[in-house]
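Values quoted throughout were computed directly from the atomic coordinates according to the rules given, and no laboratory measurement underlies them. This is a predicted model, so every value here is computed, not measured. Neighbour counts run over all protein chains shown; Cβ positions are idealised from the backbone, glycine included.
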């Protein structure tokens with residue numbers, strides 16, 4: 001047994017994974033075939049190449065392309081089911097999934113049609129594979145006009161009944177100023193809706209500082225550069241704002257050269273609420289298990305520190321306090337048992 005087998009066996013939670021990025025290429029191609037996308041798209045072979053060999057500086061057009069292949073509710077249900085099966089194979093027991101409403105809601109769909117398709121997949125995944133899913137409905141940073149309508153979906157009775165737990169904004173900070181979303185975030189807070197913000201993507205520390213000052217999100221994604229700015233770091237610590245990190249994005253975006261260059265331990269020593277997510281796992285070719293392994297082998301984390309990150313994903317989730325307590329207890333007990341089986345011989 002080994003660290004690799006231990007990580008594979010660990011029950012895990014992901015609170016920053018994206019629906020489009022968690023679906024296997026084969027499933028996307030099946031949907032394209034069934035919907036006769038090749039016949040309606042010029043140079044479809046080039047589209048396939050973009051999927052097989054992504055240009056990591058041009059991911060938004062790739063995600064827009066994939067979203068355009070969704071035509072029917074059963075397409076969206078299939079994507080959710082495929083994602084859930086993939087999670088099951090990684091022992092991910094719970095995930096809060098970012099759904100980009102700009103790409104995953106075809107023109108003309110009502111919210112009821114959209115959420116019903118998501119929920120159909122969600123129910124099948126939970127019944128068949130024991131994986132629980134909830135939704136973070138997110139708008140791209142470049143499209144603030146979608147924000148208010150999306151928040152209304154988030155806080156609607158139908159949304160909450162079907163697992164919508166938060167409103168999110170994703171994408172590069174420089175696409176639109178944070179102030180464009182100030183009203184929406186303020187309304188979300190008044191309505192007791194949770195908020196998630198991806199920041200640091202293009203403006204680094206400046207983007208993080210602006211987000212904290214204006215939007216006061218309940219969770220940050222990436223927050224690249226926060227460790228380099230004492231003022232922003234202090235705000236994160238004082239406000240106890242959780243940060244969910246994707247190591248692969250830092251590499252593929254060119255922020256760092258290698259995984260070992262990520263200041264993960266330094267960040268963990270300053271901020272308690274740090275967790276790892278897989279986000280665009282199928283596009284970056286690094287799933288959550290591999291992310292955990294890189295945290296140990298490349299970033300130098302101990303098993304204790306890795307387990308802390310894994311448990312932080314539960315603590316920082318939008319589950320109820322009772323659900324968190326139950327899951328934390330179950331995971332801690334399982335980790336202790338798995339250590340005996342997978343790691344004891346290597347530790348002796």
ask   = What is the gain in length, in nm to one decimal, between residue 124 and residue 64 on full extension, counting 0.36 nm per residue of separation less the C-alpha to C-alpha distance?
value = 19.0 nm
Distance in nm between pseudo-label sites at residue 344 and residue 272 (7 Å out along the Cβ direction from Cα) = 3.3 nm
remark   = Per the 1/(1 + (r/R0)^6) rule, R0 = 25 Å and r from the Cβ atoms of residue 91 and residue 26, FRET efficiency to 0.05 is 0.70
note = Computed from every Cα-Cα pair in region 4-51, P(r) in 5 Å bins starting at 0 and rounded to whole percents is 4, 15, 19, 17, 13, 9, 9, 8, 5, 0
query = Where the centre of each part is set by its Cα atoms, how far does region 1-16 sit from region 279-306, in angstrom?
reply = 9 Å
remark   = The equivalent-ellipsoid semi-axes of the chain, taken as the square roots of five times the Cα gyration tensor eigenvalues and listed largest first in whole Å, are 29, 25, 21
request  = Grab the eigenvalues of the alpha-carbon gyration tensor for region 285-348, scale each by 5, take roots, and send me the semi-axes largest first in whole angstrom.
outcome  = 23, 17, 9
query = In whole angstrom, how far apart do the alpha carbon centroids of region 41-77 and region 233-253 sit?
reply = 28 Å
remark   = extent check for region 206-348: Cα max minus min per principal axis, descending, whole Å, gives 48, 39, 28
request  = Using per-residue counts of other Cβ atoms within 10 Å, averaged over each peptide, order 285-293, 164-172 from highest down.
outcome  = 164-172, 285-293
task = Report the FRET efficiency, 1/(1 + (r/R0)^6), for residue 240 and residue 157, where r is their Cβ-Cβ distance and R0 is 30 Å, rounded to 0.05.
result = 0.55
inquiry  = Under the 0.36 nm per residue contour assumption, what length would be gained going from the current alpha-carbon distance of residue 42 and residue 186 to full extension?
reply    = 47.5 nm
ask   = Which value in nm describes the separation of the simple spin-label points at residue 49 and residue 228, placed 7 Å from the Cα toward the beta carbon?
value = 3.5 nm
Beta bridges by DSSP in the chain, antiparallel share as percent, to the nearest 5 = 0 percent
remark   = In deg cm²/dmol, rounded to the nearest 500, the helical mean residue ellipticity at 222 nm of the chain, built from -39500 (n - 2.57) for every DSSP H run of length 4 or more, is -15000 deg cm²/dmol
remark   = Scoring the chain by relative contact order with C-alpha pairs under 8 Å, at least six apart, yields a percentage of 19 percent
